[in-house]
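To start, the structure under review is shown below, and the notes come after it.
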Number of protein chains: 4
Amino acid sequence: MSELLQLYKKTRSQSAALCEPLEIEDYIPQPVDFASPPKWHLSHSTWFFEEMILKKFVKDYQVFNPHFGFLFNSYYQTLGERAIRTERGTITRPTVKEVYDYRKYVDDHISALLQSPINPTLEELIVLGINHEQQHQELLITDLKHTLSYNPIYPLYKENFNLTAQQNSEKGWLKIDEGIYSIGFEGEGFHFDNEKGRHQVFLHEFEISKSLVTNAEFIEFMEACGYENFKFWLDEGWNWVTENQVKSPLYWTKIDDKWHSFTLEGLKPIEPEDILTHISFYEAQAFATWKGCRLPTEFEWEVAADQLDWGKRWEWTYSAYLPYPKFKIAEGAVGEYNGKFMVGQMVLRGSSTATPEGHARKTYRNFFQPKYRWQITGIRLAK
Amino acid sequence: MSELLQLYKKTRSQSAALCEPLEIEDYIPQPVDFASPPKWHLSHSTWFFEEMILKKFVKDYQVFNPHFGFLFNSYYQTLGERAIRTERGTITRPTVKEVYDYRKYVDDHISALLQSPINPTLEELIVLGINHEQQHQELLITDLKHTLSYNPIYPLYKENFNLTAQQNSEKGWLKIDEGIYSIGFEGEGFHFDNEKGRHQVFLHEFEISKSLVTNAEFIEFMEACGYENFKFWLDEGWNWVTENQVKSPLYWTKIDDKWHSFTLEGLKPIEPEDILTHISFYEAQAFATWKGCRLPTEFEWEVAADQLDWGKRWEWTYSAYLPYPKFKIAEGAVGEYNGKFMVGQMVLRGSSTATPEGHARKTYRNFFQPKYRWQITGIRLAK
Amino acid sequence: MSELLQLYKKTRSQSAALCEPLEIEDYIPQPVDFASPPKWHLSHSTWFFEEMILKKFVKDYQVFNPHFGFLFNSYYQTLGERAIRTERGTITRPTVKEVYDYRKYVDDHISALLQSPINPTLEELIVLGINHEQQHQELLITDLKHTLSYNPIYPLYKENFNLTAQQNSEKGWLKIDEGIYSIGFEGEGFHFDNEKGRHQVFLHEFEISKSLVTNAEFIEFMEACGYENFKFWLDEGWNWVTENQVKSPLYWTKIDDKWHSFTLEGLKPIEPEDILTHISFYEAQAFATWKGCRLPTEFEWEVAADQLDWGKRWEWTYSAYLPYPKFKIAEGAVGEYNGKFMVGQMVLRGSSTATPEGHARKTYRNFFQPKYRWQITGIRLAK
Amino acid sequence: MSELLQLYKKTRSQSAALCEPLEIEDYIPQPVDFASPPKWHLSHSTWFFEEMILKKFVKDYQVFNPHFGFLFNSYYQTLGERAIRTERGTITRPTVKEVYDYRKYVDDHISALLQSPINPTLEELIVLGINHEQQHQELLITDLKHTLSYNPIYPLYKENFNLTAQQNSEKGWLKIDEGIYSIGFEGEGFHFDNEKGRHQVFLHEFEISKSLVTNAEFIEFMEACGYENFKFWLDEGWNWVTENQVKSPLYWTKIDDKWHSFTLEGLKPIEPEDILTHISFYEAQAFATWKGCRLPTEFEWEVAADQLDWGKRWEWTYSAYLPYPKFKIAEGAVGEYNGKFMVGQMVLRGSSTATPEGHARKTYRNFFQPKYRWQITGIRLAK
């Protein structure tokens, strides 16, 4: 079995493994438009292989079900009409069993295809599909956590599965000198188009923290009335706080005067020394201002990365998600992957405890709208 | 086994029978706030027996699960906090299996309770619970149809199960003389508080149609640009039509220039002679105006009912849902059943093909907001 | 000068007199869609005479300005496109001066027309136009009060002009026997189409209060936590209270622990013995329930009217605004006056201190959506 | 008279001069929350002098009216409660005349203050107040245009006053070499805090157009179905186009198959060679993509500025509005001027025909949300 096929199979079973603790019922709901049901993630990542690879590289390929293209396309306008994003939680059929049949059908065809030697274009698409599925694994678990959190009885996903109980290994500040630095992906290996285009930036001297902000530090901010004082907040952030009456990180709730948090192991007391998570860019920025610091830019982060311990939280930067100087959008559906989101979002760097093994890179550019908190996000300060 | 217990058991199994064709996945979604998932209906009608009866009449009764009161209360504010109505579709646990266990647990306790002779208060509450469950059976099937209709692949609920393929048995007009008539429920037997209070009304002479409006007649209205001409519509109805771009009854879609309708048997061509359904009060009223007629009042309907063939559609009347002269709201939770909805809704009379056997009465007052169409509604003209 | 012309002139100057205390600035804003600026009322009532009378009865009549039809039509769809209702507050031109020029131009033409003998159709339309303008006088002053109330500095309209400082002249209950009664307008004289169609209704015995509810009585309800206890409220009313956080009648504000109210004389302390006003149907109904009473129906009200002192408040009834048995919508634009609003609104009977002299009748049917409070509304109890 | 006082007086009379063609009515409405009425601009810029200068530097200064602080504060949370931004159009009092009295009162006090020698802090604040008033002059005229555009009769502001009829003076592309460049304000003279902090950036070689995009070029884009093809648009932009059904630049309307535009001179035909304006960032970006080019970054723009003819349009850049490396928010109210808007907005560089003389600088950073179009915006391409 080729290494590629091995990687393919490992990735595919990892998706199924994530769903192993679920009941059929858990695969269905979509309480908010920005998160999708497990059934959809399993189907959509499969559809990606069928649509982008099998339909093009397998002669006389018969699609598993002609409706699935419509149901499980996400946002690829190039590929025709799609079911409405906000209504994924209403689709009860195909059943979960049929979705697993669909996965098997596509896996069998991909495996057959990878028995013979393949050309580089095909290899590239397989690798893209694998990385795409890994992205959806991270979303699957964070979306699921979000859906379960709506249930007032705090259901348990799995014992001893806590994505958010990690501590810092280092302390103090790292100083980086002023100078011209190279940014962006270089070399062999998989990478997304948005990180391509190695280029120079000039950075002034800066310091960046070796540790991420902890729950204890953030509770200090809360106890100093950080959520009640406009002067720490960007204007948009202040509107967000007041309109949504935000008073704590996502999933936190006070019971008998003690902070608790909903986790995939159920409701747990907040551990002060654990690294803070589930905060928006607005909260990250307000905390930094209150602390007399700031968030790093994505360039500062990338330059410092080799000397930092990262990978526990997606770290908000104070960089907007914009194209690199030589960025070009690819033709066709693949071109819709990243480029069209380059306005209104902020860059997050690093990776998180929900990121599949082997998926992270120091040049990786993740991005979300500044209000979102359901990912495993965190804060690293700079000054 | 007492007659009451027999009726109880029959009603309870009827709910389960309705769900027999379902997949687990179908029990979950709630795409709109006005309709609820099957799992919720099954649980809520069970909770009603537990809350209103077992907790009061069974010594040391242990509730099946202390969370269920919170999860499956509908709108009884008297009984404490409730899960938010619009989020019923997010609750994946308890599982469907646990819900059936809950039903069995409550059924066992009710059966035990009904082994011994019971007092009239308890009997009354059991009968209320049975009627309550029957109401939820009708909602279960109409809500389910609505949810399945969101799926672009038109799933099938069950072959040969079509709630909407009925025709008229009679034609022509029935004339009723001017005079004083008695309205409201009288005598023994179950009835809701809103139909109680036998009282007199004076009616002027009127005529009422022996048949309900058919698809063919409504298509005439559509072809006469009925949906495009404001002059047939009430102002509120015209706003509803234009804001929602309504162009046909609910579930209708044109394929190759031929009208089809989503049914519980899948997508079917419209049969011209079948009785029209899934229309709002606004559409009923506009059709009547276009036809040079009007809708009957609920009093006219009740007076004429003995001479009419009714029971295929809930028939919109031009009566607002208001209290009868001697109406009094009962104390406590039971008092929240009907009275508090007496503003902003229109009365529907009769019953429909989705109404459980034995549930209908000529004095029965159903009511919905004038915009709703997902019930099996229809039009009977008067003049 | 004919009596009709005299009445016309008197009515027209009354509109101008109401605006006498205004600054130009006050003629412009429309903070909410349900209320209109004074400039619009002055123009619209003038346009009504031009559109319905001058264009039809004056040979070669030249409209004052061809744009005004578009700008000042309210809801008459028969008469072509209209400026959007919610944007009346954005129209700065024509200026207020031009609007008065417009009024003079139309008045001159109407006066000329009324010099010669006129036919009954024309007379009827003139009388309709006068009554229409009287309705807009009442709206002009209540809309203006609403707009001024948005200004945090509580501007003064006019000294010694307080529409809401009246007290009851009588006390106790009036008893009316069961029987058949006649309802609706009969005889000569102006009346709207919605009150036409004298017909019989059967009423059961009832009692109706000789007085209207006072501020003191309503404060009792507030102090008994009436606004905080769902059990007094209709479901729709309870949603309205909680969504809008209603805690008092409209325009009330507490200063140094004492209730005050914004009036056309500025901010004034609440006088306990004054008759309550600016309450919604929901509040009226909740108060009645709390008091162990109910609101009268419009039929009960009309039958009792001759023995009551009415005219200080528009009195909410527990009758929905529906057509009388023989109601027919007139052809053309005049037919849009009343009939198309017959769903979703509640009837108010009587008249108020803002109603122009000579405009009230005991058969008059006013109607508003149950949530509205900016009219001079009040509560009369029944039981 | 000192130079500073001269500049003060000139600026202040310029605001009044802009309002000279207005009727009283035009000072009032605020149809949308992002634009304010002329009365508000005149008052707010005056309040700024009173609040930031007179109250601090004039002993025993009596404010003109104690309510005005509440009414005319814009977003300075440091300075206490404010009237709600969306309700500026409802405030009819103070009258326009009173506002001009207020301006005179403040002008008299500022003039008196500037008779004697002043310290640098005061001088700095006066200059800030002057620049602040200049910013509001630009908004006053663009907001006014927006308000007048709501009137279906297209009112005229002033003959021969057309902000948007300009043509390009140059053609072709300017090439800039790769290298390290300095960015940000340096030296004496007024500047805002957001452009301070001279710092280095590394730029790769690029070309920038010497001309701005014309109406003719944009019509080509429209005729090539640019508004109908998702592939030219950022995802957020495509949502904006479809939700708002955008089909042309703001104020454009087709009459007899010919494009016209609402201007301050009334409705005018589009001149093909005039420079395009009133477009959003989304439209600018889509146009650039369609053309196979891109928008410049704000750094590229600033480096090229000395060799470009700019000043006719605010030019959208593909830079998010973010802090410069050494940016620090000032303490107190002045600190709320710029920094708190640094998320979710895009930078515009240059200036426009509505910018007051002497207000522009090549380091000036203007910023708006990407959807806004009511400013005099334009497109300069880069590649």
Legend entry - HN-Hα J in Hz across segment A:324-338 - Karplus 6.51, -1.76, 1.60, θ = phi - 60°, x for Gly and Pro: 5, x, 9, 4, 10, 6, 5, 6, x, 4, 4, x, 8, 5, 10
Inset, instruction - State, to one decimal in nm and shortest first, how far the label point of A:R198 sits from each corresponding label point in the other identical copies (label point: 7 angstrom along Cα-to-Cβ). - result: 3.4, 9.6, 10.0
Legend entry - Cα gyration tensor shape for segment B:144-205, rounded if a/c is under 1.5, else prolate or oblate: prolate
Legend entry - Which of D:Q6, D:H146, D:G129, positive extreme of dipole for chain D (C-beta unit charges): D:G129
Inset, instruction - Quick one: with label points 7 Å out along Cα→Cβ, list the inter-copy distances for D:V58 in nm, shortest first? - result: 5.4, 8.1, 8.3
Inset, instruction - For C:L264, list long-range residues whose amide hydrogen, built 1.01 Å from N in the peptide plane, is under 5 Å from its own amide hydrogen. - result: C:L163
Inset, instruction - Treat every Asp and Glu Cβ in chain A as -1 and every Lys and Arg Cβ as +1, leave all other atoms uncharged, and give the resulting dipole magnitude about the Cα centre to the nearest 20 debye. - result: 420 debye
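Counting only protein heavy atoms and using a 1.4 Å probe, what share of the accessible area of segment D:3-149 belongs to carbon plus sulfur, as a whole percent?
51 percent
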Legend entry - Axis proximity, chain A to C: residue whose C-beta lies nearest, plus whole-Å distance: A:Q245, 7
Legend entry - Dipole of chain D, positive direction: furthest Cα of D:L308, D:F281, D:I255, with charges on the beta-carbon: D:F281
Inset, instruction - Please report, largest first and rounded to whole Å, the three semi-axes of the ellipsoid equivalent to the protein assembly as shown, where each semi-axis is the square root of five times an eigenvalue of the C-alpha gyration tensor. - result: 56, 48, 32
Inset, instruction - Give me the aspartates and glutamates in straight-line cross-link reach of B:K104: C-alpha distance below 14 Å, same-chain residues under 8 apart excluded. - result: B:E50
Legend entry - List of segment C:195-221 residues, accessible area with partners at least 40 Å² below that of the chain alone (1.4 Å probe): C:Q200, C:F202, C:H204
Legend entry - Restraint check, C:K268/C:K291; B:K291/B:K328; C:K158/D:K9, Cα-Cα greater than 29 Å: B:K291/B:K328; C:K158/D:K9
Inset, instruction - Take peptides B:216-229, A:35-48 and line them up by average Cβ neighbours within 10 Å, highest first, as a rough protection proxy. - result: A:35-48, B:216-229
Inset, instruction - Could you let me know the centre-to-centre spacing of segment D:306-337 and segment C:331-383, using Cα atoms, in angstrom? - result: 57 Å
Legend entry - Peptide-level mean, for B:152-158, of C-beta atoms on other protein chains within 10 Å: 4
Inset, instruction - Using a Gaussian network model of chain C whose springs link C-alpha atoms within less than 10 Å, name the residue from C:Y100, C:Y321, C:Y251 with the highest mean-square fluctuation. - result: C:Y100
Legend entry - Backbone HN-Hα couplings from phi across segment D:19-26 [Karplus 6.51/-1.76/1.60, Hz, Gly and Pro as x]: 8, 3, x, 7, 8, 3, 4, 5
Inset, instruction - Determine the shape class of chain D: with a ≥ b ≥ c the square roots of the Cα gyration tensor eigenvalues, call it rounded for a/c under 1.5, and otherwise prolate if a/b is greater than b/c, oblate otherwise. - result: oblate
Inset, instruction - Have a look at A:Y61, A:P31, A:P117 and report the one farthest towards the positive end of the charge dipole of segment A:31-149, computed about the Cα centre with Cβ charges (Lys/Arg +1, Asp/Glu -1). - result: A:P31
Legend entry - Sequence-distant residues sharing a close amide H with A:W173 (under 5 Å, placed H): A:K210
Legend entry - Nearest-first distances (nm) between copies at D:P117, label 7 Å from Cα via Cβ: 9.1, 9.5, 11.3
Legend entry - Accessible area buried, both sides summed, chains D and C with 1.4 Å probe, Å²: 2400 Å²
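Note down the magnitude of the dipole of segment D:173-378 about its Cα centre, charges +1 on Lys and Arg C-beta and -1 on Asp and Glu C-beta and zero elsewhere, to the nearest 20 debye.
Values: 22 positive and 31 negative charges, 82 e Å.
Dipole of segment D:173-378, to the nearest 20 debye: 400 debye.
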Inset, instruction - Per DSSP H run of at least 4 residues, take -39500 (n - 2.57); add these up for the protein assembly as shown, divide by its residues and hand me the 222 nm value, nearest 500 deg cm²/dmol. - result: -10000 deg cm²/dmol
Inset, instruction - Would you mind checking the pairs D:K10/D:K196; B:K247/B:K371; A:K340/D:K258; A:K196/D:K383; A:K340/D:K145 and listing those with alpha carbons more than 21 angstrom apart? - result: D:K10/D:K196; A:K340/D:K258; A:K340/D:K145
Inset, instruction - Give me the accessible area per residue for chain C, probe 1.4 Å, as a whole number in Å². - result: 41 Å²
Legend entry - Shielding by other protein chains, A:225-238, mean Cβ within 10 Å: 3
Inset, instruction - Could you list which residues have their amide H under 5 Å from that of D:S319, counting only those 5 or more apart in sequence or on another chain, with H placed in the peptide plane? - result: D:E298, D:V347
Legend entry - For segment B:272-277, Karplus couplings with θ = phi - 60° (6.51, -1.76, 1.60), whole Hz, Gly/Pro x: x, 7, 5, 6, 4, 8
Inset, instruction - Return the carbon/sulfur percentage of the accessible area of segment C:176-301, one whole number, probe 1.4 Å, all protein chains in place. - result: 44 percent
Inset, instruction - Arrange the peptides A:299-311, D:141-153, A:10-22 so that the one whose residues have, on average, the most other Cβ atoms within 10 Å appears first. - result: D:141-153, A:299-311, A:10-22
Inset, instruction - Using a 1.4 Å probe on the heavy atoms of the protein chains only, list every residue of segment A:309-329 that has 50 Å² or more less accessible area in the complete assembly than in its chain alone. - result: A:Y318, A:L322
Inset, instruction - Assuming a ≥ b ≥ c are the square roots of the Cα gyration tensor eigenvalues, decide whether segment C:173-378 counts as rounded (a/c under 1.5), prolate (otherwise, with a/b larger than b/c) or oblate. - result: prolate
Inset, instruction - At 1.4 Å probe size, with no ligands or nucleic acids counted, give the accessible surface of C:D274 in Å², nearest ten. - result: 20 Å²
Legend entry - Given charges at beta-carbon only (K, R positive; D, E negative), |dipole| of segment B:3-149 in Debye: 160 debye
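The values are calculated or read from the model by the stated rules, or taken from the named source; none is laboratory data. Everything numeric here is computed off the predicted structure, so don't read it as measured data. Every residue, glycine as well, gets a Cβ built from its backbone with ideal geometry; the counts of neighbours run over all protein chains shown. To get the accessible areas, we keep the full protein, side chains included, count just its heavy atoms, and leave off ligands, DNA and RNA. Shrake-Rupley method; radii C 1.70, N 1.55, O 1.52, S 1.80 Å.
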